[in-house]
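Peer 1: Below is the structure I would like to discuss, written out as structure tokens.
Read-outs throughout are calculated quantities, based only on the coordinates presented, and are distinct from any laboratory measurement. These numbers were taken from a predicted model, which means no experiment stands behind them. FYI the Cβ positions are ideal-geometry reconstructions off the backbone, even for glycines, and counts take in every protein chain you see.
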Amino acid sequence: MPSIAPFSHAGSFWRGNIHTHSNLSDGRLTPDDVTLAYRQAGYDFMMLSDHFVERYDWPVADTRAMRTDGFTTIIGAEIHAPKTAVGELWHVVAAGLPLDFAPCGKNETGPELAQRARDAGAYVGIAHPAWSQLTIEDGHSIDAAHAVEIYNHGCAVENDRGDGWYLLDQMLNDGKRLHAFATDDAHFTDHDFDAFGGWVHVKCESLDPDVLLEALKAGHNYSSQGPRIDDVSIDGTEVQVKCSPVDVVTIVGGTSRSAVHRGRAVTHATLDLSVLERGWLLEKPSAWVRVVVIDAFGKKAWTNPIWLDEI
């Protein structure tokens, strides 16, 4: 059966985090210490996303000196401007910003700032939708977004608002072809309580920061809290999934229907997509699906949305 992207692409999966903070803004550790913590935890890359606001003198952390042969960094920040539906600042992850990215203008809105970041070459992600209480109208207003942060570990462990799929799924149903990414959003204020709980695996041929960014923009990644997804292949309505040992492999889409395989320490599952077309008052099948695996500890990994007309 033919594998789908990114599993079908050449290269390796690199583990990384693109949302975390240092004492350049509201984190506890220095940039050097944050970077070292991720390198020692087995990550291949990370990005300091300190808060790009006047209060912290508009930081875009220069972490180039912290790169090694087996570990690299992406330059970026968490950018902010008014205002969301609930009247708060926008929080947008911008990976790949130039170091001289200009501060937010006095009358610049969140959507305008996000577009300026994308125009400057950044990968743009809508951060922690549940924590920010974003509406579907908020989501659609950020036309520049490449992706939605579908899991934020810091928000999950601090106030049970780590989920972002509720927003992305609705946007997908409205035809927006966005990707997904998971992060820590670690601040290290209580040691590593909020760290190392969510990340992306990006598939590309090298650990070069520019290559990683282009792969992220293309959606050549999956997201995880722990489990590994090794391959997803589709032939007609048959889907095969290979992964690290999990207890649940499920396929969900833009309706309430799902295809599920349950077992103990499952590493290979075959599922039938036609199950998603059956249901009460189901007028039409979903145009997209995504694969989720769940291990015995409740930890999950998620593919990006798979648009069925692209297979």
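Peer 1: Which residue, Ile234, Ile79, Ile294, has the most motion in a Gaussian network model of the chain that connects Cα atoms within less than 10 Å?
Peer 2: Answer for the Gaussian network model of the chain: Ile234.
Peer 1: Could you state the angle between the C-alpha long axis of helix 110-119 and the longest principal axis of the C-alpha atoms of the chain, as a value from 0 to 90 degrees rounded to the nearest 10?
Peer 2: 90 degrees
Peer 1: To continue, here is another question. Out of residues 5 or more away from Thr72 or on other chains, whose amide H comes under 5 Å of its own, with H placed 1.01 Å from N in the peptide plane?
Peer 2: HN-HN under 5 Å from Thr72: Phe45, Met46.
Peer 1: Follow-up. Based on DSSP, what percent of beta bridges with both residues in region 12-224 are antiparallel, to the nearest 5?
Peer 2: Counting DSSP beta bridges with both partners in region 12-224, the antiparallel share is about 55 percent.
Peer 1: Something else about it: Just Thr30, Thr72, Thr237 to compare: in a GNM of the chain, with alpha carbon springs under 10 Å, which one fluctuates most?
Peer 2: Judging by the Gaussian network model, the answer is Thr237.
Peer 1: For the pair Trp280 and Asp57, what calculated FRET efficiency results from E = 1/(1 + (r/R0)^6), where r is the Cβ-Cβ distance and R0 = 51 Å, to the nearest 0.05?
Peer 2: 0.35
Peer 1: Something else now. In nm, what is the difference between 0.36 nm times the number of residues separating Gln170 and Lys299 and their Cα-Cα distance?
Peer 2: 44.1 nm
Peer 1: Taking the inverse of the average 1/r across all pairs of different Cα atoms in the chain, what Kirkwood radius in Å do you get?
Peer 2: 19.7 Å
Peer 1: A further question on this structure: At a Förster radius of 25 Å, what calculated FRET efficiency corresponds to the Cβ-Cβ distance of Glu88 and Ala10, to the nearest 0.05?
Peer 2: With R0 = 25 Å, the Cβ-Cβ based efficiency is 0.05.
Peer 1: I would also like to ask the following. So how compact is region 229-310: Cα radius of gyration and Dmax in angstrom?
Peer 2: 12.4, 36
Peer 1: Among Arg264, Arg28, which comes first, then next, by fewest other beta-carbon atoms within 10 Å?
Peer 2: Listed from fewest to most nearby Cβ atoms, that is Arg264, Arg28.
Peer 1: Sticking with this one: With +1 on the Cβ of every Lys and Arg and -1 on the Cβ of every Asp and Glu, and nothing else charged, how large is the dipole of the chain about its Cα centre, in debye rounded to the nearest 20?
Peer 2: 660 debye
Peer 1: Let me ask you something else. What angle do you read, to the nearest 10 degrees and between 0 and 90, between the alpha-carbon axis of helix 31-40 and the longest principal axis of the chain?
Peer 2: Result, in degrees: 30.
Peer 1: For each pair in Lys106/Lys203; Lys176/Lys284; Lys83/Lys300; Lys203/Lys284; Lys217/Lys284; Lys217/Lys242, compute the distance between the two Cα atoms and list the pairs where it is over 28 Å.
Peer 2: In this structure, Lys106/Lys203; Lys83/Lys300; Lys203/Lys284; Lys217/Lys284 exceed 28 Å between Cα atoms.
Peer 1: Any idea which of Phe181, His153, His220 is furthest toward the positive side of the dipole for region 126-220, if Lys and Arg beta-carbons carry +1 and Asp and Glu beta-carbons -1?
Peer 2: His220
Peer 1: Here is a further query. What is the distance in Å between the Cα centres of region 34-69 and region 145-161?
Peer 2: 19 Å
Peer 1: Right, next: Would you give the gap between the C-alpha center of region 111-141 and the C-alpha center of region 283-311, rounded to a whole Å?
Peer 2: Centre-to-centre distance over Cα atoms comes out at 22 Å.
Peer 1: Shifting gears a bit: As I understand it, the dipole of region 1-126 uses +1 on the Cβ of Lys and Arg and -1 on the Cβ of Asp and Glu, about the Cα centre. Which of Ala41, Ser22, Met1 lies farthest toward its positive end?
Peer 2: Met1
Peer 1: Let me spell out the model: positive unit charges on the Cβ of Lys and Arg, negative unit charges on the Cβ of Asp and Glu, origin at the Cα centre of region 229-310. What dipole size does that give, in debye rounded to 20?
Peer 2: Roughly 400 debye for region 229-310.
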